[in-house]
Amino acid sequence: MKEDEEHATNTVETLLDGGRGFSMVIRYKWWIQIAMFTMFALSGQSVGAMLGRLYFTKGGNSKWMATLVQTAGFPLMFPFIFLFSPSKIPQEHPEQVARKPSWTTLVILYTTIGTFLAANCMLYTFGLKFLPVSTYSLICASQLAFNALFSYFLNGQKFTPFIANSLVLLSFSSTLLVFQGDYEETRKISRNKYIIGFVCTVVASAGYGLMLSITQLAFQKILKSTSYNVVFDMIVYQNLIATVGILVGLFASGEWKDIKGEMGSFESGRVSYIMNIVGTAVSWQVFSIGYVGLIFEVSSLFSNVITTLSIPIVPVLAVMFFDEKMNGVKVISMLLAIWGFLSYIYQHYLDDLKEKESARLINHDREVNHT
């Protein structure tokens, strides 16, 4: 009898150890996925912003073309849709095959998000055209504050002192730029155009923050699937809707007639023009995989915090490739933005510690109950 009890106890301990080991494997796999999405978001956004600015610097002048390349690369996602098709999911994971919402619901959802995306891309294009790329990148930090506000109302995001501190610092970091005396970089741009670029970038950041919160809400309340197929569906359909809208604007404005001449007058030549367009399109699709994947796995606010990491990256690249200067106002703005980001990361670190402690206590209680 005693041997049976010891055998049962050993079996329970083995199962608990095995469960903890399996849980650790799942956790490591999750962190690897987060690291990949983070890399995609940071690299895609940084390269996309740089190539977008290069387009205007080298002689590109079509706002609609610069906007179109931000969404037109969605066909690159088709192989991933087939790869992560629900029919490809092993039968041992039937919970991943969720019941799909109606076509009407999906059409309304993707049309809404696609319209937001098209409008945001156009507004961002105005900002990138009229502002130095470093200034543009730093103003984009305000999207985190907007996203946090929308996440509170739409996604039930909880605020803590560290998150509130992060939002205040990031808001100040972007607002500070409107008072800078960056005359050397903006002497060829009128004050009115500079203000238009600033306002368009801030409005686009607000729209982007709202779009992220709506995307998270869609994953939670409408799509309700654990398959990555919904991630690539979201990317393709929202970009498809946005691309159609932008193409209508391109032809309605008559700018399509100037594309051939623009290609011929591009400073680096036709080949460089095509490489710039293709590279920009690919970069923004890589970014889409990153930011939508982070929303799917974590939250819209976490996704936005990660993309905010590009703030110190883009200005450094701008100094290296566009000979822009980091004046005192930009340096202070960047430091405030980094401080705000670290404040949020520290809060995430505290939350992770609480989660680990809770898991440890649960495992301890289970071991006590089985002894």
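The values are calculated or read from the model by the stated rules, or taken from the named source; none is laboratory data. Worth saying up front: this structure is predicted, and the values here are computed from it rather than measured. Glycine also receives a Cβ, built like all others from the backbone with ideal geometry; neighbour counts cover every protein chain displayed. Ligands, DNA and RNA are excluded from the accessible area calculation, which covers all protein heavy atoms including side chains. Shrake-Rupley method; radii C 1.70, N 1.55, O 1.52, S 1.80 Å.
A few points about this structure:
Yes or no, residue by residue, for (1) touching a residue at least 24 places away in the same chain (Cβ under 8 Å); (2) open to solvent by less than 40 Å² (accessible area, probe 1.4 Å); (3) under 24 Å from SER310 (Cβ atoms):
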residue	(1), (2), (3)
ILE222	yes, no, no
SER227	yes, yes, no
PHE232	yes, yes, yes
ASN239	yes, yes, yes
ILE277	yes, yes, yes
GLN285	yes, yes, yes
ILE289	yes, yes, yes
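- Qualifying residue in the range 207-217 (condition: farther than 20 Å from LEU76 by Cβ and part of a loop (DSSP other than H, G, I, E, B)): no
- Scan of the range 123-166 for residues that are within 18 Å of the chain's Cα centre (by Cα), closer than 18 Å to SER62 by Cα and open to solvent by 30 Å² or more (accessible area, probe 1.4 Å), ordered by number: LEU123
- Check on ALA164, in a helix (DSSP H, G or I), closer than 21 Å to ALA337 by Cβ and modelled with pLDDT under 90: yes
- Residue match in the range 245-255 (condition: part of a helix (DSSP H, G or I), under 20 Å from ALA148 (Cβ atoms) and touching a residue at least 12 places away in the same chain (Cβ under 8 Å)): no
- Checking each residue in the range 312-347 for being under 13 Å from PRO132 (Cα atoms), of a type outside the set (D, E, K, R) and either open to solvent by 20 Å² or more (accessible area, probe 1.4 Å) or at pLDDT 80 or above (or both) picks out VAL316, LEU317, VAL319, PHE321, PHE322, MET326, ASN327.
- Any hit, the range 221-243, residues being small (Gly, Ala, Ser), in a helix (DSSP H, G or I) and either over 28 Å from ILE163 (Cα atoms) or touching a Ser or Thr at 6+ places or on another chain (Cβ under 6 Å) (or both): yes
- Counting the residues of the range 29-60 that are of a type in the set (Phe, Trp, Tyr) and over 26 Å from ASN276 (Cβ atoms) gives 2.
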